[in-house]
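Read through the structure below, which is laid out as structure tokens, and then see the notes.
The values are calculated or read from the model by the stated rules, or taken from the named source; none is laboratory data. All of these numbers come straight from a predicted model, not from anything done at the bench. All Cβ positions, even for glycine, are placed from backbone atoms using ideal geometry, and neighbour counts span all protein chains on display.
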Amino acid sequence: MIFVVKKDLSSVDKVVSDTFVDLDVWERRHVQQWVTDSPEILGEELLVVSVEFDRFKNSRDRLDVLAIDRSGNLVVVELKRTSFGEYADLQAIRYASMVSSMTIDSLLPYYMDYQKKVLKKEDVDEESSRAKIQGFVIDEEFVDFSNSPRIILGSEDFSQEITTTVLWLNQSGLDISCVRIKPHKVDGKLIIVPQKIIPLQEAKDYLIEIHKKEESVQSSRKSVRMRTMKIILDNNLLKAGDIIYLKNDLPKHLKFIEGDDRFIATITGKAGQSDAVKWKHDGQEYSISNLAWTFFKNTHPDGKDPGGVNGNWHWVTESGTTLWNLAEKFIKQWKSRSLNS
């Protein structure tokens, strides 16, 4: 339930929740589209990488939404129109098991297809798609997904059978969230009020501690790629004072303007997480990705979250080479020299 206060603050009106059925709202045509447009409706930042995913071997099932969270986990999203979504938990677990072996390399073709067909983006390739995934994840040492995808169930409500099962599965080591998506009709508009009912924050903190050991084991098995900026600085590919430009693969609402100080930054020579570059526009220091993300969001007409942003892909050198490609080229040359020596 929500309350609407009148403009003059004189009184408050109670707004009772409605149902998707009465409002003629459907799972795939409406709710799925809302999640695709604004994944935050599920209670957190997510990078959607595929919808209606049906590339399961020997199965005709369709996964509603496949996404990645900020920690680098695959997230299986199962949406239901009503609380009577039978076997939603079992269905989501089955999907999670099917994508558990997925790597960035195996995901890339589907993510590229999603960008082209759903987002209507042009010039989509493996390199830029990989950079977007790695840029979205806040862990600078992230290389690939673990074999334990998360699950998010989204519905206007949940039956006791579902909530009881999800609570038990969480205690058994799975990571499943239930997000209640309640519709309200106000002045002819549909207002959605999302609420994560499982896990509660206290339970979430407890579950995080349980998973720390598994995450530690998983990360120890990964082949870690050094951070792009560290590669660049350690090998003198760029130095303090060098100018870079926010110029590559900009969102549709932005266009590079020659000489505009908003598109110009200076390498500081520092290897920290938040002081790699100094923005000419305000003279402040930022991380390479946070600066691009902040600029993209603040300039968007609706202030929309730009999702996964890898600053190393958007910022380029004087010669037009992206910072990501600059580091990748060095790594390939170094590996080639090592093999030939």
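Values as computed for the structure displayed
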item	result
Given (1) crowded, with 16+ Cβ neighbours inside 10 Å; (2) hydroxyl-bearing (Ser, Thr, Tyr); (3) within 30 Å of residue 289 (Cα to Cα), index of the condition residue 101 fails	(1)
Selection from the stretch 121-144 of residues that are in a loop (DSSP other than H, G, I, E, B) and either at pLDDT 90 or above or closer than 15 Å to residue 314 by Cα (or both)	123, 124, 125
Residue satisfying condition, being among the hydrophobic types (A, V, I, L, M, F, W, C), modelled with pLDDT of 85 or more and either part of a helix (DSSP H, G or I) or over 30 Å from residue 23 (Cα atoms) (or both), within set 203, 240	240
Within the stretch 139-148, tally of residues that are over 14 Å from the mean Cα position of the chain (by Cα) and crowded, with 21+ Cβ neighbours inside 10 Å	0
Any hit, the stretch 270-285, residues being among the polar types (S, T, N, Q) and in a helix (DSSP H, G or I)	no
Residue within the stretch 97-115 that is touching a Pro at 6+ places or on another chain (Cβ under 7 Å), closer than 24 Å to residue 179 by Cα and not small (Gly, Ala, Ser) present	yes
Selection status of residue 329, part of a loop (DSSP other than H, G, I, E, B) and either among the aliphatic types (A, V, I, L, M) or surrounded by 12 or more Cβ atoms within 10 Å (Cβ to Cβ) (or both)	no
Evaluation of residue 262 against (1) surrounded by 16 or more Cβ atoms within 10 Å (Cβ to Cβ); (2) closer than 29 Å to residue 331 by Cβ; (3) basic (Lys, Arg) (one fails), failing number	(2)
Selection status of residue 136, touching a Cys at 6+ places or on another chain (Cβ under 8 Å) and buried (at least 19 other Cβ atoms within 10 Å of the Cβ)	no
Residue in the stretch 108-118 that is assigned by TED's automatic domain parsing to the domain that holds residue 26, more than 30 Å from residue 17 (Cα to Cα) and acidic (Asp, Glu) present	yes
Residue match in the stretch 152-160 (condition: assigned by TED's automatic domain parsing to the domain that holds residue 70, in a helix (DSSP H, G or I) and either modelled with pLDDT of 90 or more or over 24 Å from the mean Cα position of the chain (by Cα) (or both))	yes
Only one of 315, 324 that is surrounded by 18 or more Cβ atoms within 10 Å (Cβ to Cβ), in contact (Cβ under 8 Å) with a residue 40 or more places away in the chain and under 15 Å from residue 235 (Cβ atoms)	324
Selection from the stretch 286-304 of residues that are part of a loop (DSSP other than H, G, I, E, B) and either surrounded by 15 or more Cβ atoms within 10 Å (Cβ to Cβ) or outside the structural domain of residue 322 (by TED's automatic domain parsing) (or both)	287, 300
Verdict on residue 95 being closer than 26 Å to residue 247 by Cα and surrounded by 18 or more Cβ atoms within 10 Å (Cβ to Cβ)	no
Count of residues meeting criterion [surrounded by 14 or more Cβ atoms within 10 Å (Cβ to Cβ) and either outside any strand (DSSP E or B) or at pLDDT below 85 (or both)] in the stretch 162-184	9
